[in-house]
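Notes follow once the structure below has been shown.
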Amino acid sequence: MAHILTEEDKWFIDLNRKDPITHEEFHPGDEVVVCRACRCVQLNDVWEMGPAGCKYCGGTEASGDFDRDFIEHKVSGSTINTAGPIRITRKKKKKLWPYLAAGAAALVLIVLLMLYLF
Ligand SMILES: [Zn+2]
């Protein structure tokens, strides 16, 4: 359902629309989804975040194609149902140090126990 913006979508990029949630401008290469209900275009990452769907109107159906007429006649009057911009982490980095610290602590405890017992 997602559409990847290319140079052919210059008409859309020239509209200077921004993602309603992240307020990021769109660029060729961006993966976007068009909401069938309110016709707003948003980043695929935003659409897929949490329960998949339009973060603008709450619609869950994406438009199948990236149609100029459809998109330009955006339905107005919808209100943003999310407070403030959301930061998207595209890559989740796992923090290793808590595990390492816990492992080291356990090892020290075991060594102390061994010393105490033997
Ligand atoms: Zn919508």
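Where a number appears in this text, it was derived from the coordinates with a stated rule and is not lab data. None of the values given here were measured: they were computed from a predicted structure. Cβ: placed from backbone, ideal geometry, glycine included. Neighbour counts: every protein chain shown.
Listing for the model above:
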{"item": "Potential lengthening between Glu72 and Ala52 on full extension [0.36 nm per residue; Cα-Cα distance subtracted]", "result": "4.9 nm"}
{"item": "For Val32, distant residues with modelled amide H under 5 Å away", "result": "His3, Ile4, Leu5, Asn44"}
{"item": "For peptides 54-63, 105-114, sequence by mean Cβ density within 10 Å, most packed first", "result": "54-63, 105-114"}
{"item": "FRET efficiency, 1/(1 + (r/R0)^6) with R0 41 Å, evaluated for Thr60 and Ala106 via beta carbons", "result": "0.35"}
